[in-house]
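Trainee: Here it is: the structure, laid out below.
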There are 2 protein chains.
Amino acid sequence: MVGKVSPKLMEKIVYKNLGVVDPDVLVGPAIGEDAAIIDLKSGGALIVHNDAITGASKFLGWLAVHIVANDVAVRGVKPRWFLMSLFLPEKDSEKLLEEIMVQINKAANELGIMVIGGHTETTPGLDRPIVGTTAIGISEKSRIVTTSGAQAGDYVIMTKNAAIEGTAILCTDFADILRSKGVGEDILECGSDFLMKVSVVKEALALADKGLVTAMHDPTEGGILGGIAELAYASRKTIEFWADKVPIAEETRLVTEALGVDVLKLISSGSLIASVPPSNLNEAINTVQSFGVEATVIGRVKEYADCLVEVIKGSSTTVLNDVYVTDELFYLWKKIKSTC
Amino acid sequence: MVGKVSPKLMEKIVYKNLGVVDPDVLVGPAIGEDAAIIDLKSGGALIVHNDAITGASKFLGWLAVHIVANDVAVRGVKPRWFLMSLFLPEKDSEKLLEEIMVQINKAANELGIMVIGGHTETTPGLDRPIVGTTAIGISEKSRIVTTSGAQAGDYVIMTKNAAIEGTAILCTDFADILRSKGVGEDILECGSDFLMKVSVVKEALALADKGLVTAMHDPTEGGILGGIAELAYASRKTIEFWADKVPIAEETRLVTEALGVDVLKLISSGSLIASVPPSNLNEAINTVQSFGVEATVIGRVKEYADCLVEVIKGSSTTVLNDVYVTDELFYLWKKIKSTC
């Protein structure tokens, strides 16, 4: 296996070995929940999330901050403090350290975050830098948004376009294959830069500030469809997912078609998914748009009807029962490995 | 360079790139300070520390929890919540995941910690597991102990023996060289198991509970001498260090002599260093001993006298001005590399 450990293994091995049960931990590790929530007793709560970046990226330091900050922000809480374990390869370690720290500083300043600690070392045997990250925020308990709050009747909105992160990964890691299939350099370059759209912090905080949403979620592996399934699972509801409504950038359409990839199941950091009561819908969309970000209605929450997602595409409806949607990247890597 | 980034590079590159200056961060990244302290305004404070383990170890999961927990505990605060970024090699990843999680669970239960989040993945290109960790605790501000509180007149105590972690590393990573120098298997085995003594949580929390210490510190790279220098530096004092008083286990003496290593400069997780007012000294020593752990007076704090440490060994006194003591492991690895 390569990449994130499957939910099956998480349940079989990880969730059984979490040490003591702490009653002050309101939300711990759970499928679909983006960050831990700890009751501080004083009326406040701590939001904590851990993430990592292991793929080669020229934006590693900048991404490291934004990716983990997203998960705190979708809890409706400003990410304020950042820690990292940074593992550098022996080759060019000082140069890499400087590049990465300058990027971390840039992203932290963009988000108003302070780096409060970390471990930085040159690690024998690495061929690229790897970073593990923690982001922390603090909030009144009452304003925290979870993935589990979606109510029947709510609309489901998503911001930006599908597969933002996935498009960047395809245009970077699969560039040669895409070239061989006739995809032009301008598309590859533009698609690679989709990573710059990865932050959802501003729109997530604004929606929470105004109390417009019942649940938010940061879709990653499994794409928009995976994110919708996780929202439904955490909220114990069924979501009618209007697949044809999902906005897809032209670059994304070109590269996913060239590789035969389902754009709805491709890793999607950069989009925010939220459930919105009908009376808040217009204000929610306007709020997101005030940041120059598009928001699109892509479905509706229903009472649980024996499945997580009803995927409506054209005139056909398919049903999804499994919360775990395998990301298309998994199949792509497997295919490439088998042809090597 | 291999291993932790030097303080010089930290100052040149890392400390300059920490994002915004957050006034609620009472202690951020700083030489000698073991953990960050964040003002929660409600009278409480958050203690957060990040660490990592990258060397091959059969105890990786267990160590990952204890090592990072130590740094929160030397702030006088119980470590309660743990997050990790766990990077597994492709070979045997499921088996390794299970071994590591069982160890994490064991250590977390020993310390009363809950694992609240993490990122677990199989990372291409790794030949061994690597883990980045975060530990968090919460406390009344008034009971927090820092590295900077040592007062002139205080005694300096250390617990257990010098170079506990270093002894285990030498007996594991340098076993073949030690064998060639006549060190027996029983010593190597016993020395490897010194890692089991790595926790200082119980004694650190008990000393803080009773308000017996003015400063505490977890000596790691640079050994006991490095730890003493960091305590002096953070407290802006001079410490008279009675080197002959430092207790050394027989296994440690044998392996450090065989390799020509200065035991006082060898990585020393497992010991706690604390400054204690004279009136508290007996109670502090008794408190530590009540856990079956030895405590030894190894020096005294003076007003700053133009150096950090006066090392008194036999009838000679040498003076240390530099807070950064290079760990003996660094020279050992360098020597081995040059003879390869």
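Trainee: Mind listing just one residue for me: the one in segment A:131-151 that is more than 12 Å from chain B (Cβ to nearest Cβ) and not in a loop (DSSP other than H, G, I, E, B) and, of those, most open to solvent (accessible area, probe 1.4 Å)?
Mentor: Restricting attention to segment A:131-151, the residues satisfying the condition of being more than 12 Å from chain B (Cβ to nearest Cβ) are A:141-151.
Pick out the ones that are also not in a loop (DSSP other than H, G, I, E, B) and you get A:141-143.
Details: A:Lys141: 77, A:Ser142: 111, A:Arg143: 78 Å².
That would be A:Ser142.
Trainee: On the given criteria, is B:Pro23 more than 8 Å from chain A (Cβ to nearest Cβ) and at pLDDT below 90?
Mentor: Working: more than 8 Å from chain A (Cβ to nearest Cβ): yes; at pLDDT below 90: no.
No, not satisfied.
Trainee: Sticking with this structure for a sec: Conditions: (1) outside any loop (DSSP other than H, G, I, E, B); (2) more than 21 Å from A:Arg236 (Cβ to Cβ); (3) at pLDDT 95 or above; (4) among the β-branched types (Val, Ile, Thr). A:Val293 meets all but one. Number of the miss?
Mentor: (1)
Trainee: Another one. Would you tally the residues in segment A:36-53 being within 8 Å of chain B (Cβ to nearest Cβ) and free of Cβ contacts under 8 Å to residues at least 60 places away in the same chain?
Mentor: Qualifying residue count, segment A:36-53: 3.
Trainee: All but one of (1) surrounded by fewer than 21 Cβ atoms within 10 Å (Cβ to Cβ); (2) in a helix (DSSP H, G or I); (3) in contact with a strand residue (DSSP E or B) (Cβ under 9 Å, 6 or more places away or on another chain); (4) within 7 Å of chain B (Cβ to nearest Cβ) hold for A:Glu98; state the number of the condition that does not hold.
Mentor: (3)
Trainee: With respect to B:Ala163, is the statement that it is surrounded by fewer than 24 Cβ atoms within 10 Å (Cβ to Cβ), over 26 Å from B:Leu83 (Cα atoms) and among the hydrophobic types (A, V, I, L, M, F, W, C) true? I'd like the intermediate steps shown before the answer.
Mentor: Numbers: surrounded by fewer than 24 Cβ atoms within 10 Å (Cβ to Cβ): no; over 26 Å from B:Leu83 (Cα atoms): yes; among the hydrophobic types (A, V, I, L, M, F, W, C): yes.
No, not satisfied.
Trainee: Restricting to segment B:217-274, what's the tally of residues that are of a type in the set (Gly, Ala, Ser), part of a loop (DSSP other than H, G, I, E, B) and at negative phi? Reasoning before the result, please.
Mentor: Keep residues of segment B:217-274 that are of a type in the set (Gly, Ala, Ser), which gives B:222-223, B:226-227, B:229, B:232, B:234-235, B:243, B:249, B:258, B:260, B:268-271, B:274.
The next check asks that each one be part of a loop (DSSP other than H, G, I, E, B); those that pass are B:222, B:249, B:260, B:268, B:270.
If we keep only those that are at negative phi as well, we get B:249, B:268.
Going through segment B:217-274 one residue at a time, the tally reaches 2.
Trainee: Okay, next question. Please indicate, with yes or no, whether at least one residue in segment B:56-78 is of a type in the set (Ser, Thr, Tyr), in a loop (DSSP other than H, G, I, E, B), within 7 Å of another protein chain (Cβ to nearest Cβ) and more than 20 Å from B:Gly117 (Cα to Cα). Let's see the steps before the verdict.
Mentor: Step one: filter segment B:56-78 for residues of a type in the set (Ser, Thr, Tyr), giving B:57.
Narrowing the set further to residues that are in a loop (DSSP other than H, G, I, E, B) leaves B:57.
Retained after the next criterion (residues that are within 7 Å of another protein chain (Cβ to nearest Cβ)): none.
Within segment B:56-78 (the criterion being of a type in the set (Ser, Thr, Tyr), in a loop (DSSP other than H, G, I, E, B), within 7 Å of another protein chain (Cβ to nearest Cβ) and more than 20 Å from B:Gly117 (Cα to Cα)), the answer is no, since none of the residues qualifies.
Trainee: Here's a follow-up. Among the residues of segment A:256-272, is there at least one that is over 29 Å from A:Lys335 (Cβ atoms), open to solvent by less than 20 Å² (accessible area, probe 1.4 Å), in contact (Cβ under 8 Å) with a residue 12 or more places away in the chain and over 17 Å from the mean Cα position of the chain (by Cα)?
Mentor: Step one: filter segment A:256-272 for residues over 29 Å from A:Lys335 (Cβ atoms), giving A:272.
Filter once more, so that each one left must be open to solvent by less than 20 Å² (accessible area, probe 1.4 Å): A:272.
From the residues that got through so far, the ones that are in contact (Cβ under 8 Å) with a residue 12 or more places away in the chain too are A:272.
Retained after the next criterion (residues that are over 17 Å from the mean Cα position of the chain (by Cα)): none.
No - not one qualifying residue is present in segment A:256-272.
Trainee: Out of (1) surrounded by fewer than 24 Cβ atoms within 10 Å (Cβ to Cβ); (2) assigned by TED's automatic domain parsing to the domain that holds B:Phe87; (3) not in a loop (DSSP other than H, G, I, E, B), what's the single condition that is false for B:Arg128?
Mentor: Going through (1) surrounded by fewer than 24 Cβ atoms within 10 Å (Cβ to Cβ); (2) assigned by TED's automatic domain parsing to the domain that holds B:Phe87; (3) not in a loop (DSSP other than H, G, I, E, B) one by one, B:Arg128 breaks only (3).
Trainee: Residue by residue through segment A:8-56, note down the ones that are surrounded by fewer than 17 Cβ atoms within 10 Å (Cβ to Cβ) and either closer than 27 Å to A:Asp173 by Cβ or not assigned by TED's automatic domain parsing to the domain that holds A:Trp81 (or both).
Mentor: A:Lys8, A:Ile31, A:Gly55, A:Ala56, listed by residue number.
The values are calculated or read from the model by the stated rules, or taken from the named source; none is laboratory data. Since we're looking at a predicted model, the values are computed, not measured. Counting neighbours? That spans all protein chains shown, and the Cβs are built from the backbone with ideal geometry, glycine included. The accessibility values were calculated without ligands, DNA or RNA, using every heavy atom of the protein model including side chains. Shrake-Rupley method; radii C 1.70, N 1.55, O 1.52, S 1.80 Å.
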